[in-house]
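What follows is one structure encoded as structure tokens, with my remarks underneath.
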Amino acid sequence: MGQRLGMSRSKVSKNLSTLRDLGYIRQTPDTRDRRELETSLTQDGRDMLAIIDQQHKTLEEDARQIWSEDEQEEFTALANRLIAKLRQERVA
């Protein structure tokens, strides 16, 4: 998970601990390897993701109303360049 997110194992563990403390995830020992934890969303976690998803959709709708198609394409290209650079820096 950490590699995919570009985060160290300790940072992932800390963030998962915070999410668990907030009640958004549940962690149980892996049945095949007791050293590992299986992580799943709680109902509160699913509810929070639904709220975030709706907020993202609202932002996208606002952007489509404000920006022309050319501006939207330019924003997408710039955002993708920034994302690639940030990912590169996180992995390094």
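Structure summary
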{"read-out": "Environment charge of Pro29, counting only residues whose C-beta is closer than 11 Å and scoring Lys/Arg +1, Asp/Glu -1", "value": "-1"}
{"read-out": "Accessible area per residue in Å² at 1.4 Å probe, computed on the chain", "value": "89"}
{"read-out": "Estimated inter-spin distance, Leu49 and Ala79, nm [label 7 Å along Cα→Cβ]", "value": "2.0"}
{"read-out": "Candidates per trypsin sites (Lys or Arg not before Pro) in the range 1-81, loop by DSSP, up to 13 other Cβ within 10 Å", "value": "Arg32, Arg34, Arg35"}
{"read-out": "Cut-off under 5 Å, modelled amide H: who pairs with Ile25 long-range", "value": "Arg20, Thr42"}
{"read-out": "Rounded to the nearest 20 debye, dipole of the chain from Cβ charges on Lys, Arg, Asp, Glu", "value": "900"}
{"read-out": "Rel. contact order, % - alpha carbon contacts under 8 angstrom, at least six apart, the range 8-71", "value": "21"}
{"read-out": "The chain: most fluctuating residue of Asp47, Asp33, Asp21 per GNM, C-alpha cutoff 10 Å", "value": "Asp33"}
{"read-out": "Cα-projected label distance for Ser10 with Arg35, points at 7 Å along beta-carbon direction, nm", "value": "1.8"}
{"read-out": "Kirkwood hydrodynamic radius over Cα pairs of the chain, then Stokes diffusion coefficient at 37 °C and 0.692 mPa s, in µm²/s", "value": "203"}
{"read-out": "Most positive-pole-ward Cα, Pro29, Gln55, Thr39, against dipole of the chain from beta carbon charges", "value": "Pro29"}
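The values are calculated or read from the model by the stated rules, or taken from the named source; none is laboratory data. The structure displayed is predicted, hence computed values, not measured ones. Note that we place each Cβ from the backbone using ideal geometry, even for glycine, and neighbour counts take in every protein chain shown. All accessible areas refer to the heavy atoms of the entire protein, side chains included, with ligands and DNA or RNA removed. Shrake-Rupley method; radii C 1.70, N 1.55, O 1.52, S 1.80 Å.
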